[in-house]
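Chemist: Sharing a structure below in structure tokens format, with a few things to ask.
The values are calculated or read from the model by the stated rules, or taken from the named source; none is laboratory data. Quick caveat: nothing in here was measured; it's all calculated off a predicted structure. Don't worry about glycine lacking a Cβ; one is built from the backbone with ideal geometry, like all the others, and counts go over all protein chains shown.
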Amino acid sequence: MNPSRVAELVDLLSLERLEDNIFRGQSRDIGTRYVFGGQVLGQALSAAQKTVDPARQAHSLHGYFLRAGDIEAPIVYQVERARDGRSFSVRRVVAIQHGQTILNCAVSFQIEEKGFEHQASMPEVPQPEDVEPLQPMSEDELKKFPVKLQRWLGMDSPFEFRKVWPRNEFKPEKRPPYQHIWFRLTEKIDDSPMLHRAMLAYASDFHLIGTATLPHGISYLSHNMQMASLDHAIWFHRPFRADDWLLYSFDSPTAQGARGLARGMIFQRDGTLVASTAQEGLLRLRDDD
């Protein structure tokens, strides 16, 4: 019996411990040309979490993508225990493939504390049950694309996404630079907060920089577009479950110099803000030749 996509993702984020501070993760081909950035983020967070007291929970991650990852090769994660204070711990993580750094990031952890509370309000959008699921492409439609892209467009994802305002990525129209997408894991997983944070780190890379393409009538499928994540930040605010519906609310305040900036807020369906994200990405329009 083949494992489910969710079970495969849990295994992908688990990592093999090689030394106290060195871990190895495998790569999964989901149809992208290079290793999916969310995979590297989720694995880097998993590596950092394995070196910290479980009573200290990750509250922020800041990373830079330095090179594209090779799908055919494992990734080694080296963790530096930068600081363990009374309330906070900081870890630096370097992801290495073929002897070169593909990502470096810092992850900060904190003990549970009480303090002031306020948050932004969740946008007024339809509930996920009232939003149409994304429809898979037919086999005839998929055959029009390269084999690798067929895997991306037709894959059985561990996450379900429901776009409040869907658009045709093959014929993208111009629209304002914001969007709202419901998402969740397609199966229940165990209760480990560390696993749910790693899952959210993985999913946080979906659709984020794409928000910066909305005003320009382009998409990642446009033949002359070069898109890549340059950096990524996540702030974890409150407890959540990645297997319950979460609303990812995106906006893009600016694009310039072949770069675009996108921000996200992630809410539980009861309106609780559980995480925030930001990402700058490459948006380069290449010459047709």
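Chemist: How many residues does the range 70-99 hold that are over 24 Å from PHE236 (Cβ atoms) and either under 23 Å from the mean Cα position of the chain (by Cα) or surrounded by 17 or more Cβ atoms within 10 Å (Cβ to Cβ) (or both)?
Modeler: Number satisfying all stated conditions: 8.
Chemist: Pull up the range 6-29, narrow it to residues that are buried (at least 18 other Cβ atoms within 10 Å of the Cβ) and of a type outside the set (Gly, Ala, Ser), then point me to the one that is farthest from HIS196 (Cα to Cα).
Modeler: Restricting to residues being buried (at least 18 other Cβ atoms within 10 Å of the Cβ) and of a type outside the set (Gly, Ala, Ser), the top hit is PHE23.
Chemist: Which one of these does ARG92 not meet: (1) in contact (Cβ under 8 Å) with a residue 24 or more places away in the chain; (2) in a strand (DSSP E or B); (3) in contact with a helix residue (DSSP H, G or I) (Cβ under 9 Å, 6 or more places away or on another chain); (4) not β-branched (Val, Ile, Thr)?
Modeler: Among (1) in contact (Cβ under 8 Å) with a residue 24 or more places away in the chain; (2) in a strand (DSSP E or B); (3) in contact with a helix residue (DSSP H, G or I) (Cβ under 9 Å, 6 or more places away or on another chain); (4) not β-branched (Val, Ile, Thr), ARG92 violates only (1).
Chemist: Also, I was wondering about something else. Just a yes or no: is a residue in the range 50-67 of a type in the set (Phe, Trp, Tyr), in contact with a strand residue (DSSP E or B) (Cβ under 8 Å, 6 or more places away or on another chain) and not in a helix (DSSP H, G or I)?
Modeler: yes
Chemist: Okay, moving on. If a residue has to be farther than 19 Å from PHE159 by Cβ, among the hydrophobic types (A, V, I, L, M, F, W, C) and at pLDDT 95 or above to count, how many in the range 1-41 make the cut?
Modeler: Qualifying residue count for the region: 4.
Chemist: Name the residues in the range 220-271 that are among the small types (Gly, Ala, Ser) and either within 16 Å of the chain's Cα centre (by Cα) or closer than 19 Å to LEU41 by Cα (or both), would you?
Modeler: Those that are among the small types (Gly, Ala, Ser) and either within 16 Å of the chain's Cα centre (by Cα) or closer than 19 Å to LEU41 by Cα (or both): ALA228, SER229, ALA233, ALA242, SER249, ALA262, GLY264.
Chemist: Do you know which residues across the range 238-250 are surrounded by 18 or more Cβ atoms within 10 Å (Cβ to Cβ) and closer than 17 Å to GLN119 by Cα?
Modeler: Within the range 238-250, PHE240, LEU246, LEU247, TYR248, SER249, PHE250 meet the criteria.
Chemist: Something else about it: Taking the criterion of being assigned to a loop (DSSP other than H, G, I, E, B), modelled with pLDDT of 95 or more, more than 23 Å from GLN279 (Cα to Cα) and among the polar types (S, T, N, Q), would at least one residue in the range 105-119 satisfy it?
Modeler: Checked the range 105-119: no residue is assigned to a loop (DSSP other than H, G, I, E, B), modelled with pLDDT of 95 or more, more than 23 Å from GLN279 (Cα to Cα) and among the polar types (S, T, N, Q).
Chemist: Restricting to the range 162-205, give me the number of residues that are at pLDDT 95 or above, surrounded by 15 or more Cβ atoms within 10 Å (Cβ to Cβ) and not hydroxyl-bearing (Ser, Thr, Tyr).
Modeler: Looking only at that region, the number is 23.
Chemist: I need the full set of residues from the range 164-198 which are in a loop (DSSP other than H, G, I, E, B) and either under 16 Å from the mean Cα position of the chain (by Cα) or under 30 Å from VAL10 (Cβ atoms) (or both), in order please.
Modeler: Selection gives VAL164, PRO166, GLU169, THR186, GLU187, LYS188, ILE189, ASP190, ASP191, SER192.
Chemist: If you scan the range 1-44, which residues turn out to be in contact with a strand residue (DSSP E or B) (Cβ under 6 Å, 6 or more places away or on another chain), over 17 Å from SER229 (Cα atoms) and touching a residue at least 40 places away in the same chain (Cβ under 8 Å)?
Modeler: If the condition is that a residue be in contact with a strand residue (DSSP E or B) (Cβ under 6 Å, 6 or more places away or on another chain), over 17 Å from SER229 (Cα atoms) and touching a residue at least 40 places away in the same chain (Cβ under 8 Å), then VAL6, LEU15, LEU18, ASN21, ILE22, PHE23, ARG24, GLY25 are the ones that fit.
Chemist: Can you tell me which of (1) surrounded by fewer than 16 Cβ atoms within 10 Å (Cβ to Cβ); (2) closer than 28 Å to VAL93 by Cβ; (3) of a type in the set (Gly, Ala, Ser) is the one ALA212 doesn't meet?
Modeler: If we test ALA212 against (1) surrounded by fewer than 16 Cβ atoms within 10 Å (Cβ to Cβ); (2) closer than 28 Å to VAL93 by Cβ; (3) of a type in the set (Gly, Ala, Ser), just (1) comes out false.
Chemist: Let me ask another. I'm checking my understanding of the structure. Among residues of the range 5-24 that are of a type outside the set (A, V, I, L, M, F, W, C) and in contact with a Ser or Thr (Cβ under 8 Å, 6 or more places away or on another chain), which one is farthest from LEU61 (Cα to Cα)?
Modeler: ARG5
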